[in-house]
1. Given H placed on each backbone N at 1.01 Å, which residues far from Lys107 in sequence or on other chains put an amide H within less than 5 Å of it?
2. Using the alpha-carbon atoms, what tilt in degrees (0 to 90, nearest 10) does helix 360-374 show relative to the longest principal axis of the chain?
3. Which net charge results for the neighbourhood of Gly148, defined as the other residues with beta-carbon distances under 9 angstrom from its beta-carbon, given Lys and Arg at +1 and Asp and Glu at -1?
4. Seen from all sides and averaged, what is the projected area of the convex hull of the Cα atoms in the stretch 238-318, in nm²?
5. For the chain, what is the accessible area per residue in Å², given a 1.4 Å probe and the full set of protein chains?
6. On average, how much area does the Cα convex hull of the stretch 284-405 cover when viewed from any direction, in nm²?
7. Taking amide H positions as placed 1.01 Å from N in the peptide plane, with prolines and chain starts having none, which residues 5 or more places from Ser322, or on another chain, fall under 5 Å of its amide H?
8. Beyond 32 Å between alpha-carbons counts as too far, so tell me which of Lys252/Lys317; Lys126/Lys380; Lys81/Lys118; Lys133/Lys371 fall in that bin.
Amino acid sequence: MKNLAIIIPTLQGGGAERVVSILTRELINRYNVYILVFDSSNIAYDYSGELITVDIAASQNFIMKLYNFFLRFWKIRKLKKELSIDVSISFLGSANILNIMSKQNDKTIVSVRSMPSKAKSNLYTKLDHLTIKYLYSRSDKIIAISEGVYNDLISNFGIKPNSIEFIYNPITLDGLEQENVEESGKQKKRSEFKIVTAGRLSDAKGQWHLIRAMKRVLIKVPEAKLDILGEGELRSYLQELIDNLKINDSVKLIGHKKNPFEYYTNSDVFVFTSLHEGFGNVILEAMACNMPVISTDCETGPREIISPNTKRNEPIKEPEISDFGILVPVCDGKKYGFSEPLTEEEIIIANNIINLYKNPSLRRSLAINGKKRVAEFSSKIIAEKWIFQIELDEDMGDKNDKSNV
(Lines give C-alpha, C1' and ligand atoms only; values in the text may rest on other atoms or scores of the structure.)
Protein backbone atom coordinates (compact mmCIF):
# COMPACT_ATOMS: atom_id res chain seq x y z
CA MET A 1 0.00 0.00 0.00
CA LYS A 2 1.16 3.51 -0.76
CA ASN A 3 1.82 5.92 2.09
CA LEU A 4 -0.42 8.97 1.74
CA ALA A 5 0.05 12.23 3.66
CA ILE A 6 -2.77 14.75 3.93
CA ILE A 7 -1.54 18.13 5.14
CA ILE A 8 -3.99 20.68 6.57
CA PRO A 9 -3.57 23.36 9.27
CA THR A 10 -6.30 22.01 11.58
CA LEU A 11 -9.35 19.77 11.71
CA GLN A 12 -11.48 22.43 13.33
CA GLY A 13 -14.82 23.38 11.75
CA GLY A 14 -14.64 24.33 8.08
CA GLY A 15 -15.34 23.11 4.55
CA ALA A 16 -11.81 21.91 3.73
CA GLU A 17 -11.60 20.13 7.08
CA ARG A 18 -14.89 18.34 6.44
CA VAL A 19 -13.67 17.21 3.00
CA VAL A 20 -10.51 15.78 4.60
CA SER A 21 -12.69 13.98 7.13
CA ILE A 22 -14.77 12.38 4.37
CA LEU A 23 -11.86 11.53 2.08
CA THR A 24 -9.75 9.86 4.75
CA ARG A 25 -12.59 7.46 5.51
CA GLU A 26 -12.77 6.49 1.84
CA LEU A 27 -9.02 6.39 1.16
CA ILE A 28 -8.08 4.37 4.26
CA ASN A 29 -9.15 1.17 2.50
CA ARG A 30 -6.55 1.73 -0.19
CA TYR A 31 -3.68 3.66 1.41
CA ASN A 32 -1.78 4.10 4.65
CA VAL A 33 -3.17 7.52 5.55
CA TYR A 34 -1.30 10.05 7.69
CA ILE A 35 -2.96 13.38 8.53
CA LEU A 36 -0.44 16.12 9.29
CA VAL A 37 -1.91 19.11 11.16
CA PHE A 38 -0.30 22.22 12.64
CA ASP A 39 -2.68 22.31 15.60
CA SER A 40 -4.62 19.29 16.91
CA SER A 41 -6.83 21.16 19.39
CA ASN A 42 -10.60 21.36 18.94
CA ILE A 43 -10.95 18.49 16.45
CA ALA A 44 -14.40 19.00 14.91
CA TYR A 45 -14.65 16.02 12.55
CA ASP A 46 -14.06 12.28 12.61
CA TYR A 47 -11.27 10.92 10.45
CA SER A 48 -9.49 7.70 9.51
CA GLY A 49 -5.74 7.21 9.55
CA GLU A 50 -3.00 8.38 11.89
CA LEU A 51 -3.15 11.97 13.07
CA ILE A 52 0.28 13.56 13.48
CA THR A 53 0.60 17.02 15.03
CA VAL A 54 3.36 19.26 13.78
CA ASP A 55 2.48 21.09 17.01
CA ILE A 56 3.10 24.66 15.95
CA ALA A 57 -0.01 26.75 16.46
CA ALA A 58 -0.78 29.83 14.37
CA SER A 59 0.42 33.29 15.37
CA GLN A 60 -0.77 36.79 14.44
CA ASN A 61 2.72 38.24 14.70
CA PHE A 62 4.46 38.51 11.31
CA ILE A 63 7.92 37.57 12.64
CA MET A 64 6.47 34.58 14.49
CA LYS A 65 4.57 33.57 11.34
CA LEU A 66 7.87 33.34 9.45
CA TYR A 67 9.54 31.48 12.32
CA ASN A 68 6.66 29.01 12.58
CA PHE A 69 6.66 28.53 8.83
CA PHE A 70 10.27 27.35 8.76
CA LEU A 71 9.75 25.13 11.81
CA ARG A 72 6.79 23.49 10.08
CA PHE A 73 8.80 23.15 6.88
CA TRP A 74 11.59 21.19 8.58
CA LYS A 75 9.16 19.02 10.55
CA ILE A 76 7.03 18.16 7.51
CA ARG A 77 10.09 17.44 5.40
CA LYS A 78 11.40 15.16 8.15
CA LEU A 79 8.06 13.38 8.51
CA LYS A 80 7.80 12.78 4.77
CA LYS A 81 11.18 11.05 4.90
CA GLU A 82 10.50 9.07 8.10
CA LEU A 83 7.09 7.84 6.90
CA SER A 84 8.29 7.12 3.35
CA ILE A 85 5.46 9.20 1.96
CA ASP A 86 4.59 8.40 -1.66
CA VAL A 87 1.92 11.04 -2.23
CA SER A 88 1.24 14.28 -0.32
CA ILE A 89 -2.08 16.12 -0.66
CA SER A 90 -2.48 19.54 0.94
CA PHE A 91 -5.49 21.73 1.68
CA LEU A 92 -5.44 25.54 2.18
CA GLY A 93 -2.76 28.08 1.35
CA SER A 94 -0.07 27.65 4.00
CA ALA A 95 -0.26 23.85 3.81
CA ASN A 96 0.01 24.00 0.00
CA ILE A 97 3.21 26.07 0.18
CA LEU A 98 4.77 23.74 2.74
CA ASN A 99 3.78 20.68 0.74
CA ILE A 100 5.49 21.97 -2.39
CA MET A 101 8.61 23.24 -0.62
CA SER A 102 9.07 20.04 1.39
CA LYS A 103 8.82 17.84 -1.71
CA GLN A 104 11.30 14.97 -1.84
CA ASN A 105 10.42 11.76 -3.68
CA ASP A 106 6.71 12.21 -3.05
CA LYS A 107 4.10 13.21 -5.58
CA THR A 108 2.65 16.56 -4.45
CA ILE A 109 -0.99 17.52 -5.00
CA VAL A 110 -2.35 20.88 -3.83
CA SER A 111 -6.01 21.78 -3.45
CA VAL A 112 -7.35 25.28 -4.18
CA ARG A 113 -10.58 25.81 -2.27
CA SER A 114 -11.70 29.29 -3.31
CA MET A 115 -11.46 31.79 -6.14
CA PRO A 116 -8.07 33.52 -5.56
CA SER A 117 -8.81 36.53 -7.77
CA LYS A 118 -11.80 37.44 -5.56
CA ALA A 119 -9.89 37.57 -2.27
CA LYS A 120 -9.87 40.94 -0.49
CA SER A 121 -6.79 42.87 -1.58
CA ASN A 122 -4.04 43.31 1.03
CA LEU A 123 -0.37 42.47 1.47
CA TYR A 124 -1.07 38.82 2.28
CA THR A 125 -3.34 38.51 -0.75
CA LYS A 126 -0.65 39.86 -3.03
CA LEU A 127 1.85 37.39 -1.59
CA ASP A 128 -0.68 34.58 -2.08
CA HIS A 129 -1.17 35.58 -5.71
CA LEU A 130 2.58 35.52 -6.35
CA THR A 131 2.79 32.14 -4.62
CA ILE A 132 0.02 30.67 -6.77
CA LYS A 133 1.49 32.07 -9.96
CA TYR A 134 5.11 31.06 -9.40
CA LEU A 135 5.12 28.22 -6.85
CA TYR A 136 2.02 26.11 -7.44
CA SER A 137 3.28 25.11 -10.89
CA ARG A 138 6.07 23.20 -9.10
CA SER A 139 3.52 20.77 -7.67
CA ASP A 140 2.68 17.61 -9.59
CA LYS A 141 -1.01 18.45 -9.76
CA ILE A 142 -3.36 21.24 -8.73
CA ILE A 143 -6.92 20.28 -7.82
CA ALA A 144 -9.49 23.09 -8.03
CA ILE A 145 -12.72 22.81 -6.07
CA SER A 146 -14.92 23.74 -9.05
CA GLU A 147 -14.80 24.49 -12.75
CA GLY A 148 -15.04 28.21 -11.96
CA VAL A 149 -11.93 28.07 -9.76
CA TYR A 150 -10.22 25.95 -12.44
CA ASN A 151 -10.89 28.68 -15.03
CA ASP A 152 -9.81 31.42 -12.62
CA LEU A 153 -6.42 29.78 -12.04
CA ILE A 154 -5.82 29.37 -15.77
CA SER A 155 -7.07 32.80 -16.85
CA ASN A 156 -5.74 34.99 -14.03
CA PHE A 157 -2.68 33.11 -12.76
CA GLY A 158 -1.23 31.52 -15.86
CA ILE A 159 -1.58 27.93 -14.61
CA LYS A 160 -1.13 25.50 -17.50
CA PRO A 161 -4.29 23.47 -18.23
CA ASN A 162 -2.39 20.15 -18.22
CA SER A 163 -1.27 20.70 -14.61
CA ILE A 164 -4.72 21.33 -13.14
CA GLU A 165 -7.99 19.42 -12.73
CA PHE A 166 -11.19 20.12 -10.85
CA ILE A 167 -12.89 17.76 -8.43
CA TYR A 168 -16.04 18.77 -6.59
CA ASN A 169 -16.51 18.31 -2.86
CA PRO A 170 -18.01 15.02 -1.65
CA ILE A 171 -21.22 14.84 0.33
CA THR A 172 -21.99 12.48 3.17
CA LEU A 173 -24.79 12.35 5.73
CA ASP A 174 -22.73 11.79 8.87
CA GLY A 175 -24.76 11.91 12.04
CA LEU A 176 -28.09 11.60 10.26
CA GLU A 177 -30.22 8.49 10.05
CA GLN A 178 -31.60 7.84 6.57
CA GLU A 179 -35.18 7.63 7.83
CA ASN A 180 -34.83 11.16 9.21
CA VAL A 181 -33.73 12.40 5.80
CA GLU A 182 -36.75 10.80 4.19
CA GLU A 183 -39.03 12.22 6.86
CA SER A 184 -37.72 15.72 6.12
CA GLY A 185 -39.15 15.48 2.61
CA LYS A 186 -42.70 15.17 3.92
CA GLN A 187 -45.01 18.09 4.67
CA LYS A 188 -43.91 19.55 8.00
CA LYS A 189 -46.71 19.81 10.53
CA ARG A 190 -45.95 23.01 12.44
CA SER A 191 -47.02 26.60 12.43
CA GLU A 192 -43.56 28.09 11.72
CA PHE A 193 -42.03 28.51 8.27
CA LYS A 194 -38.38 27.70 8.94
CA ILE A 195 -35.54 29.16 6.89
CA VAL A 196 -31.92 28.16 7.45
CA THR A 197 -28.52 29.22 6.16
CA ALA A 198 -25.01 28.05 7.02
CA GLY A 199 -21.50 29.38 6.57
CA ARG A 200 -18.76 31.33 8.28
CA LEU A 201 -19.94 34.73 9.51
CA SER A 202 -17.64 36.60 7.15
CA ASP A 203 -17.65 39.17 4.37
CA ALA A 204 -17.73 36.50 1.65
CA LYS A 205 -20.97 34.90 2.89
CA GLY A 206 -23.12 38.07 2.95
CA GLN A 207 -25.55 36.91 5.67
CA TRP A 208 -26.49 40.50 6.52
CA HIS A 209 -28.31 40.77 3.19
CA LEU A 210 -30.53 37.83 4.21
CA ILE A 211 -31.13 39.34 7.66
CA ARG A 212 -32.27 42.60 6.06
CA ALA A 213 -34.44 40.69 3.57
CA MET A 214 -36.16 38.96 6.52
CA LYS A 215 -37.78 42.26 7.52
CA ARG A 216 -39.76 42.14 4.25
CA VAL A 217 -40.42 38.40 4.55
CA LEU A 218 -41.94 38.84 8.01
CA ILE A 219 -44.47 41.35 6.71
CA LYS A 220 -45.95 38.69 4.39
CA VAL A 221 -45.05 35.62 6.47
CA PRO A 222 -45.16 36.57 10.19
CA GLU A 223 -44.51 32.95 11.19
CA ALA A 224 -41.16 32.85 9.33
CA LYS A 225 -38.06 31.97 11.38
CA LEU A 226 -34.42 32.13 10.28
CA ASP A 227 -31.58 30.11 11.83
CA ILE A 228 -28.03 31.17 10.85
CA LEU A 229 -25.44 28.43 11.43
CA GLY A 230 -21.78 29.39 11.69
CA GLU A 231 -19.27 31.49 13.59
CA GLY A 232 -16.96 34.27 12.52
CA GLU A 233 -15.73 37.80 12.80
CA LEU A 234 -19.05 39.41 11.80
CA ARG A 235 -21.09 37.98 14.68
CA SER A 236 -21.28 41.31 16.54
CA TYR A 237 -22.34 43.24 13.43
CA LEU A 238 -24.98 40.66 12.50
CA GLN A 239 -26.39 40.52 16.04
CA GLU A 240 -26.55 44.31 16.21
CA LEU A 241 -28.41 44.36 12.89
CA ILE A 242 -30.89 41.80 14.19
CA ASP A 243 -31.37 43.82 17.39
CA ASN A 244 -31.90 47.12 15.56
CA LEU A 245 -34.37 45.56 13.14
CA LYS A 246 -36.23 44.22 16.19
CA ILE A 247 -36.49 40.72 14.73
CA ASN A 248 -34.77 38.85 17.60
CA ASP A 249 -37.73 36.51 17.98
CA SER A 250 -37.51 35.49 14.33
CA VAL A 251 -33.77 35.47 13.51
CA LYS A 252 -31.17 33.56 15.55
CA LEU A 253 -27.40 33.22 15.29
CA ILE A 254 -27.00 29.54 16.19
CA GLY A 255 -23.19 29.23 16.00
CA HIS A 256 -21.12 26.42 14.49
CA LYS A 257 -22.71 22.98 14.60
CA LYS A 258 -20.79 19.78 13.97
CA ASN A 259 -24.00 18.16 12.75
CA PRO A 260 -26.05 20.79 10.86
CA PHE A 261 -28.45 18.18 9.47
CA GLU A 262 -30.72 18.37 12.50
CA TYR A 263 -31.45 21.97 11.50
CA TYR A 264 -31.82 21.17 7.81
CA THR A 265 -34.30 18.38 8.41
CA ASN A 266 -36.44 20.69 10.53
CA SER A 267 -36.50 23.59 8.08
CA ASP A 268 -38.47 24.41 4.94
CA VAL A 269 -36.04 26.43 2.81
CA PHE A 270 -32.26 26.84 2.61
CA VAL A 271 -30.99 30.28 1.52
CA PHE A 272 -27.37 30.91 0.49
CA THR A 273 -26.21 34.53 0.07
CA SER A 274 -22.49 34.24 -0.75
CA LEU A 275 -20.88 37.12 -2.63
CA HIS A 276 -18.16 34.82 -3.96
CA GLU A 277 -17.57 31.14 -3.41
CA GLY A 278 -15.30 28.26 -4.29
CA PHE A 279 -18.07 25.69 -4.38
CA GLY A 280 -20.79 25.88 -1.71
CA ASN A 281 -20.90 22.45 -0.09
CA VAL A 282 -23.69 23.46 2.29
CA ILE A 283 -26.00 23.68 -0.72
CA LEU A 284 -25.48 19.95 -1.30
CA GLU A 285 -25.99 19.19 2.40
CA ALA A 286 -29.32 21.01 2.33
CA MET A 287 -30.38 19.23 -0.87
CA ALA A 288 -29.50 15.90 0.73
CA CYS A 289 -32.06 16.72 3.42
CA ASN A 290 -34.83 17.31 0.87
CA MET A 291 -34.65 21.08 1.15
CA PRO A 292 -35.43 23.49 -1.70
CA VAL A 293 -32.54 25.93 -2.14
CA ILE A 294 -32.33 29.61 -3.01
CA SER A 295 -28.78 30.74 -3.79
CA THR A 296 -27.04 33.79 -5.13
CA ASP A 297 -25.53 33.20 -8.55
CA CYS A 298 -22.00 34.10 -7.46
CA GLU A 299 -19.23 33.61 -9.99
CA THR A 300 -18.29 30.03 -9.08
CA GLY A 301 -20.00 27.16 -7.30
CA PRO A 302 -23.79 27.45 -6.91
CA ARG A 303 -24.67 27.46 -10.63
CA GLU A 304 -22.55 24.33 -11.16
CA ILE A 305 -24.68 22.60 -8.52
CA ILE A 306 -28.13 24.09 -9.13
CA SER A 307 -28.09 24.59 -12.90
CA PRO A 308 -25.23 22.42 -14.21
CA ASN A 309 -26.20 22.60 -17.88
CA THR A 310 -25.99 26.40 -18.06
CA LYS A 311 -23.10 28.85 -18.01
CA ARG A 312 -22.78 32.14 -16.16
CA ASN A 313 -21.78 34.45 -19.00
CA GLU A 314 -22.64 37.58 -17.00
CA PRO A 315 -24.33 38.40 -13.68
CA ILE A 316 -28.07 37.74 -13.72
CA LYS A 317 -30.59 40.51 -13.02
CA GLU A 318 -33.66 38.35 -12.45
CA PRO A 319 -34.14 35.07 -10.54
CA GLU A 320 -33.79 31.78 -12.41
CA ILE A 321 -35.77 28.71 -11.39
CA SER A 322 -34.00 25.52 -12.47
CA ASP A 323 -34.80 21.87 -11.79
CA PHE A 324 -32.53 21.84 -8.74
CA GLY A 325 -33.07 25.23 -7.10
CA ILE A 326 -33.48 28.97 -7.53
CA LEU A 327 -30.62 31.30 -8.47
CA VAL A 328 -30.92 34.98 -7.54
CA PRO A 329 -28.67 37.99 -8.32
CA VAL A 330 -25.60 38.50 -6.13
CA CYS A 331 -25.92 41.32 -3.61
CA ASP A 332 -23.54 44.29 -3.68
CA GLY A 333 -21.75 43.33 -0.45
CA LYS A 334 -22.14 46.72 1.25
CA LYS A 335 -22.81 46.54 4.98
CA TYR A 336 -26.01 48.51 5.30
CA GLY A 337 -27.57 49.69 8.52
CA PHE A 338 -31.00 48.71 9.76
CA SER A 339 -32.70 51.94 8.63
CA GLU A 340 -31.50 51.97 5.02
CA PRO A 341 -33.96 50.75 2.35
CA LEU A 342 -33.56 47.25 0.96
CA THR A 343 -31.53 46.87 -2.21
CA GLU A 344 -33.09 45.41 -5.34
CA GLU A 345 -31.20 42.14 -4.76
CA GLU A 346 -32.40 41.88 -1.14
CA ILE A 347 -35.99 42.41 -2.31
CA ILE A 348 -35.55 39.59 -4.85
CA ILE A 349 -34.27 37.26 -2.09
CA ALA A 350 -37.26 38.15 0.10
CA ASN A 351 -39.77 37.72 -2.74
CA ASN A 352 -38.43 34.27 -3.63
CA ILE A 353 -38.66 33.12 -0.02
CA ILE A 354 -42.25 34.37 0.07
CA ASN A 355 -42.94 32.64 -3.27
CA LEU A 356 -41.73 29.30 -1.93
CA TYR A 357 -43.87 29.77 1.19
CA LYS A 358 -46.92 30.27 -0.99
CA ASN A 359 -46.05 27.46 -3.41
CA PRO A 360 -45.61 24.13 -1.59
CA SER A 361 -45.73 22.18 -4.87
CA LEU A 362 -42.65 24.07 -6.11
CA ARG A 363 -40.93 23.39 -2.78
CA ARG A 364 -41.61 19.67 -3.16
CA SER A 365 -40.45 19.61 -6.79
CA LEU A 366 -37.16 21.36 -6.01
CA ALA A 367 -36.60 19.12 -2.99
CA ILE A 368 -37.14 15.90 -4.94
CA ASN A 369 -34.95 16.94 -7.87
CA GLY A 370 -32.27 18.34 -5.59
CA LYS A 371 -32.00 15.06 -3.73
CA LYS A 372 -31.40 13.27 -7.04
CA ARG A 373 -28.67 15.76 -7.94
CA VAL A 374 -26.82 15.08 -4.68
CA ALA A 375 -26.24 11.45 -5.65
CA GLU A 376 -23.68 12.64 -8.23
CA PHE A 377 -21.50 14.00 -5.41
CA SER A 378 -21.39 10.89 -3.22
CA SER A 379 -18.21 10.34 -1.21
CA LYS A 380 -17.41 7.15 -3.12
CA ILE A 381 -17.72 8.80 -6.55
CA ILE A 382 -15.59 11.79 -5.53
CA ALA A 383 -13.01 9.58 -3.76
CA GLU A 384 -12.53 7.63 -7.00
CA LYS A 385 -11.64 10.87 -8.76
CA TRP A 386 -9.02 11.59 -6.11
CA ILE A 387 -7.68 8.04 -6.39
CA PHE A 388 -7.35 8.51 -10.14
CA GLN A 389 -5.19 11.60 -9.58
CA ILE A 390 -3.14 9.87 -6.86
CA GLU A 391 -2.39 6.93 -9.15
CA LEU A 392 -1.98 8.95 -12.34
CA ASP A 393 1.44 8.68 -13.95
CA GLU A 394 2.79 12.24 -14.28
CA ASP A 395 3.93 11.43 -17.81
CA MET A 396 0.29 10.91 -18.76
CA GLY A 397 -0.94 14.11 -17.08
CA ASP A 398 -1.32 16.06 -20.31
CA LYS A 399 -3.57 13.36 -21.75
CA ASN A 400 -5.98 13.39 -18.84
CA ASP A 401 -9.50 14.78 -19.17
CA LYS A 402 -10.86 17.11 -16.48
CA SER A 403 -12.19 15.17 -13.47
CA ASN A 404 -15.58 16.80 -13.20
CA VAL A 405 -18.89 15.35 -12.06
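1. Counting only residues 5 or more places away or on other chains, the set is Val87, Ser88.
2. 10
3. Computed value for this residue: -3.
4. On the way: hull surface 27.2 nm².
Its Cα hull, projected and averaged over all orientations, spans 6.8 nm².
5. Numbers: 18120 Å² over 405 residues.
That works out to 45 Å² for each residue.
6. On the way: hull surface 40.6 nm².
Quarter of the Cα hull surface area: 10.1 nm².
7. Excluding prolines and chain starts, which carry no amide H, the hits are Leu327.
8. On the way: Lys252/Lys317 29 Å; Lys126/Lys380 37 Å; Lys81/Lys118 37 Å; Lys133/Lys371 38 Å.
Going by Cα-Cα distance, Lys126/Lys380; Lys81/Lys118; Lys133/Lys371 fall outside the 32 Å limit.
The values are calculated or read from the model by the stated rules, or taken from the named source; none is laboratory data. The model shown is predicted, which means the values in this text are computed figures rather than measured ones. Positions of Cβ are generated from backbone atoms using ideal geometry, with glycine treated the same way; all protein chains shown enter the neighbour counts. Ligands, DNA and RNA are excluded from the accessible area calculation, which covers all protein heavy atoms including side chains. Shrake-Rupley method; radii C 1.70, N 1.55, O 1.52, S 1.80 Å.
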